[in-house]
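A short write-up of the structure that comes next.
Derivation of every value follows stated rules applied to the coordinates shown; laboratory data play no part. This is a predicted model, so every value here is computed, not measured. No Cβ is skipped: glycine too gets one built from the backbone with ideal geometry, and neighbour counts run over all protein chains shown.
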Amino acid sequence: DRLLVLHGPNLNLLGSREPEIYGRDTLAAIDAGLRARAEAAGMAFESLQSNAEHVLVDRVQAAARDGTAFILLNPAAFTHTSVALRDALAAVAIPFIEVHLSNPHAREPFRRQSFFSDLAIGVIAGFGAASYSLALDAALARLAPAS
Ligand code: DQA
């Protein structure tokens, strides 16, 4: 089974981007931590960051055919704008968790709307880089329930 992690626009800048909001961990460091844990759990791991909506839509579509069992998705600004990415996730019907470093509900009003939350298994937001790690905990628990 494959775990796919998708990061939306501007998350390539993590580490230097508004560190008071998003923390100082780089995206590479976050991905390395997730990869180590996913692979230790016996999963194939892939991460993709893109600033382009169509690249993320294409990757979600491909996930329907490549053995992706679960997606961790930080849509970044597309959270609040992208019907297209939402529709792609609905089309493939792969379970996913919506992840945010910050707590969008504690910020500007336009961040309170998400095009993803009602389709997601759950939403983890506000814990910085640990949001991804907590989402991975939840994904692994769901994929391999304790017997
Ligand atoms: C974000 C929150 C979004 O509102 C914002 O546009 C981002 C990052 C987060 O992880 O906190 O780019 O998804």
Worksheet entry | Integer Hz, Karplus 6.51/-1.76/1.60 couplings in order for region 100-108, x for Gly and Pro | 9, 5, 8, 9, x, 6, 9, 10, 5
Response to the item:
Sequence order, region 10-18: Karplus ³J(HN,Hα) from phi using 6.51 cos²θ - 1.76 cosθ + 1.60, θ = phi - 60°, Hz rounded, Gly and Pro as x, gives 6, 6, 5, 8, 4, x, 10, 7, 5
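How would you rank ARG107, ARG2, going from fewest to most other Cβ atoms within 10 Å of each one's own Cβ?
On the way: ARG107 12, ARG2 16.
Ordered by Cβ neighbours within 10 Å, fewest first: ARG107, ARG2.
Using the per-residue mean of other Cβ atoms lying within 10 Å as a proxy for protection, in what order, highest first, do the peptides 136-143, 3-10, 16-23 fall?
Descending packing order for the listed peptides: 3-10, 136-143, 16-23.
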Worksheet item: Relative contact order of region 1-122: what whole-number percent is it, with Cα pairs under 8 angstrom and at least 6 residues apart?
Response: 30
Worksheet entry | Simple label model, 7 Å out from Cα along Cβ direction - ILE21 to VAL92, nm | 2.7
Discussion item. For GLN49, what residues show an amide H to amide H distance below 5 Å, using hydrogens built from the backbone and excluding near sequence neighbours?
Written reply: HIS7
Worksheet item: What spacing in nm lies between the two simple spin-label points modelled at ASN10 and ALA130, each 7 Å away from Cα in the Cβ direction?
Response: 2.4
Worksheet item: For region 35-51, in order, what is each residue's ³J(HN,Hα) by Karplus, 6.51 cos²θ - 1.76 cosθ + 1.60 with θ = phi - 60°, in whole Hz (x at glycine and Pro)?
Response: 4, 4, 6, 5, 5, 4, 8, x, 9, 6, 10, 9, 10, 9, 10, 8, 8
Fill in: Candidates per chymotrypsin sites (Phe, Trp or Tyr not before Pro) in region 52-123, loop by DSSP, up to 12 other Cβ within 10 Å
none
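By the gyration tensor of its Cα atoms, with a ≥ b ≥ c the square roots of the eigenvalues, what is the shape of region 26-138: rounded for a/c under 1.5, prolate for a/b over b/c, or oblate?
Oblate, because a/c is 1.5 or more while a/b does not exceed b/c.
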